[in-house]
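Worksheet for the structure shown next.
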Amino acid sequence: MVLDKEVFKEELKQRLRENYAMELEDASEHEIFYALGALVKARYSDAWRDTWKYYVDKHKKQVYYFSIEFLPGRMLKSNLLNLGLLDTAREALTDLGIDLDSLAEVEKDMALGNGGLGRLASCFMDSIASCGLPGNGNGIRYDYGLFKQRFVDGYQVELPDEWLQSGNIWEIRRESKAVDVRVGGHVYLAEAMEGKLKPVYENERILRAVPYDTGMVGYENNVVNTLRLWSVEIPDSEEDKYQSIQGRRELEDLTAVLYPDDSNEHGRLIRLTQEYFFVSAGIQSIIRHYKKRVQKPISNLSEYISIHINDTHPALCVPEMMRILVDEEDLSWEQAWDITGKVMSYTNHTIMAEALEKWSIDLMKRTLPRMYQIIEEIDARYVQTMRELHPHDLVERTRIIRNGQVHMAHLSIIGSHSTNGVAKLHSDLLKSVVLHDFYIIYPDRFNNKTNGIAQRRWSQIVNEPMSSVLDETIGKTWRKDPGDLKLLMNYQSDQAVLDKLAEAKKINKQVLADYILETTEIEVSTDAIFDVQIKRLHAYKRQLLNLLHIIKLYQDLKENPDLDMQKRVFIFGAKAAPSYHYAKVIIKCINEAANLINNDSDIKDRIKIVFLPNYNVSLAEKIIPAADVSEQISLASKEASGTSNMKLMLNGAITLATLDGANVEIRDAVGDDNIYIFGLTEKEVYEYYENQEYSAQQLYDENPIIRRVLNAFIDGTIPNIVYEGREIFDSLIKYNDEYFLLRDFDSYVKAQEEIGKAYGDQSFWQKMSLINIANGGRFSSDETVRRYAEDIWKIEPKDSFVTEKG
Ligand code: 9GP
């Protein structure tokens, strides 16, 4: 999109006059941000309407990506970039004395997700639009995003994230598209016309689902897709039932928070209702659109519609589609089942048993009675069909309803035509272990789609210094086609290029160092290795292993102050789920170790620990470009894929990793010499599970270094962790170290030593870094969504399509 700088300035001033009745000189940053947002939105509104019309007119098959999480972060710069307006906006604002980067900080992070799952969904939204694919998101418009994290005395404290307080410039409320969702009460089947059985609802609650649409702007292609997020309201017809404020609150709370604490019954009830709410609203609106706009017989639905179940949270898509097709569209069960299976596809994102959702029959029956009836029928028919083909045990193990619970992964697999994992290793493990029974039954349904990242955001937007060097060195084609980053491989021995990349890294490190000082009052040197571990806090991700190594370094330095080692800054960013006690204990221990080490004058700044609070997309954007080392140290087999690993390598960080998730593919991409691999392999982990020979106590008894490190948690070396230190110690020794930290400790330490040495040889390091950047293109989510589009959704990109305005 071409827009003259002067016109841009005039438009901005005009918006301020119209929206706020004020001149630029008098406007606050906040007002300028909203005026700019309105300007940007107006720039893509024609393309948004035209894209929608194009899909309708051309009868394009569309995919609807159902996800309970979306984590877009801030959208201003990404929209400007995709519209081709980033440079113009920057220059125009500079002329007006405004810094775009600080203006962009006004925008609240749209944090409607916990971590990788939600961020992946947002990367996909960007890529689907950028590849010109007809695809839309469907989720929940939570009033509060993921909690804001503060540290008080080293403990995590959670504060509400009121991201909507000042409004959301990007969304459009579409009241006319609202639908009603029925929950609770009783449902029984009664004979209706022609002897058919129809459900009769009694005492149910009706929830009004109101959609808020956000344009998903494609990269310089005039495509704007839609992310539709649903919010709950009280329908007029139900007003009488909600006369007390408490009653209203209870209902409105349904879409108030992301992942309400489901450690208690009330939390679980809200969660399940949330899942049904956005599924039912989404499918109803798809069917309405299909009937009104596509105007084909309902039996042809799968030729025009594809629905993706992102993790099990939207698994109710299967029974809800059946409900609509059978109860409302009067199709036979068999016809409806055939269509549903063709429309639905499912991605599994985890092998952690606790994350594979199950709901008690009782809760499901009480909350969603019609859904339960349909699931029961699906289960009964599944058993009936499969009994003829497979052994009794296998069929029993794969049933949807088992041991008093409804298994949502089983429902997703049985009710869809495709199940994929998110990295090669993970997909293989699904087939061989986690979902092996299903693989026997449906071998053709299983496939792999390795995750990817929205590379434009994670290079062009977040790392301008590096992007300029890339432009100068290999031209600009990589900006549109990240595969062209490969061209950089021709410069691996070009010292001038290596120096320029190193300079860019230094600039980014300084920006981060300033931010660290400002937020934590910790001073760090940009000469130190910036060693980064950023992800949700979870025992399997092993932030604790990182800490054990830091304690070892600390003890080494205390013992031998002249020890020859590289300066290091260990940077953590991680939130722990509010009810995840052990994760919170780890946070406290890292913070207390930081206090101890950062303030120990013997250490002379050779080690610093920085735990940056409130890790979110915007903070990731600051940390990633400045990282030297990317810690991807989960126990092999546990991390389905990981995506921070991809973002960090793209920004030239060297990966220190176990052979887990997508780390395996990163190693394949960069080669063994440009990555540091350590620890047990997934096979060895499974061998331990089988032979039960692992003894953490033995490692503690026999390895004096491990002993010294662990004792630091209980002997007062790390202060203020009397209870937490004991808990950590016991988890490793008394409870035999579930995630094999002690088993991997030695090889981790060794890999860290090698990293230290390699960093000492800067040309060597810079070359490794360049090779990582050059091979980052492989993990573009553009490629990932293209594979989903071709193999699973069977949707096609638009042909060269230009809006009326051109
Ligand atoms: O834990 C996985 C992470 O490895 C993966 O990168 C991400 C996106 O596929 O999904 C995470 N899974 C979840 O958040 C819950 O299943």
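Structure notes:
- Contact order for region 354-473, expressed relative to its length and based on alpha carbon pairs under 8 Å spaced 6+ residues apart, stands at 21 percent.
- Evaluated at q = 0.24, 0.25, 0.26 Å⁻¹, a Debye calculation over the C-alpha positions of region 255-317 (equal weights, vacuum) places log10 I(q)/I(0) at -0.99, -1.04, -1.09.
- Label point at residue 579 placed 7 Å out along Cα→Cβ; residues across region 343-368 whose backbone nitrogen lies under 19 Å: 352-368
- For region 455-779, the solvent-accessible area of protein heavy atoms averages 37 Å² per residue (probe radius 1.4 Å; ligands and nucleic acids excluded).
- Virtual spin-label span in nm between residue 248 and residue 517, 7 Å along Cα→Cβ: 5.1 nm
- Residue 708-residue 734 FRET efficiency (beta carbon distance; Förster radius 22 Å; 0.05 resolution): 0.75
- Taking every C-alpha pair closer than 8 Å and separated by at least 6 residues, the mean separation divided by the residue count of region 103-240 gives a relative contact order of 27 percent.
- Integer Hz, Karplus 6.51/-1.76/1.60 couplings in order for region 701-711, x for Gly and Pro: 5, 8, 10, x, 5, 4, 4, 5, 5, 5, 4
- Sites matching GluC sites (Glu not before Pro) across region 712-806 that sit in DSSP coil, with at most 10 neighbouring C-beta atoms within 10 Å: 804
- Coarse-grained scattering of region 330-379 at q = 0.16 Å⁻¹, given as base-10 log I(q)/I(0) from a Debye sum over alpha-carbon atoms: -0.69
- Among beta bridges identified by DSSP and lying wholly in the chain, the antiparallel ones come to about 45 percent.
- Against the compact-protein benchmark of 2.2 N^0.38 Å, the Cα-based radius of gyration of the chain scales to 0.97.
- Using a simple spin-label model with pseudo-atoms 7 Å out from Cα toward Cβ, residue 23 and residue 787 lie 5.8 nm apart.
- Multiplying each eigenvalue of the alpha-carbon gyration tensor of region 187-252 by 5 and taking the square root yields semi-axes of 36, 24, 7 Å, largest first, rounded to whole angstroms.
- Residue-averaged 222 nm ellipticity for the chain, from DSSP H runs of 4+ at -39500 (n - 2.57), nearest 500: -13500 deg cm²/dmol
- With R₀ set to 35 Å, the beta-carbon distance separating residue 540 from residue 691 gives a calculated FRET efficiency near 0.95.
- Cα convex hull volume per residue for region 665-714 (Å³): 132 Å³
- Rg/Rg_globular for region 455-779, with Rg_globular taken as 2.2 N^0.38 Å and Rg from C-alpha atoms: 0.98
- 10 Å-binned pair-distance histogram of region 368-505 (Cα, whole percent): 10, 28, 17, 13, 15, 13, 5
- Cβ crowding within 10 Å averaged over residues, with 546-553, 87-94, 613-620, 13-20 ranked highest first: 546-553, 613-620, 87-94, 13-20
- Rounded to the nearest 10 Å², the accessible area of residue 709 at probe 1.4 Å: 0 Å²
- Over region 13-170, volume per residue of the alpha carbon convex hull, in Å³: 143 Å³
- Cα centroid separation - region 15-78 against region 607-629, whole Å: 29 Å
- Å³ per residue enclosed by the Cα convex hull of region 442-537: 176 Å³
The values are calculated or read from the model by the stated rules, or taken from the named source; none is laboratory data. Every value quoted in this text rests on a predicted model; they were computed, and no experiment measured them. In this analysis, Cβ positions are derived from the backbone assuming ideal geometry, glycine residues included, and neighbour counts consider all displayed protein chains. Protein only, heavy atoms only, side chains kept; ligands, DNA and RNA dropped before computing areas. Shrake-Rupley method; radii C 1.70, N 1.55, O 1.52, S 1.80 Å.
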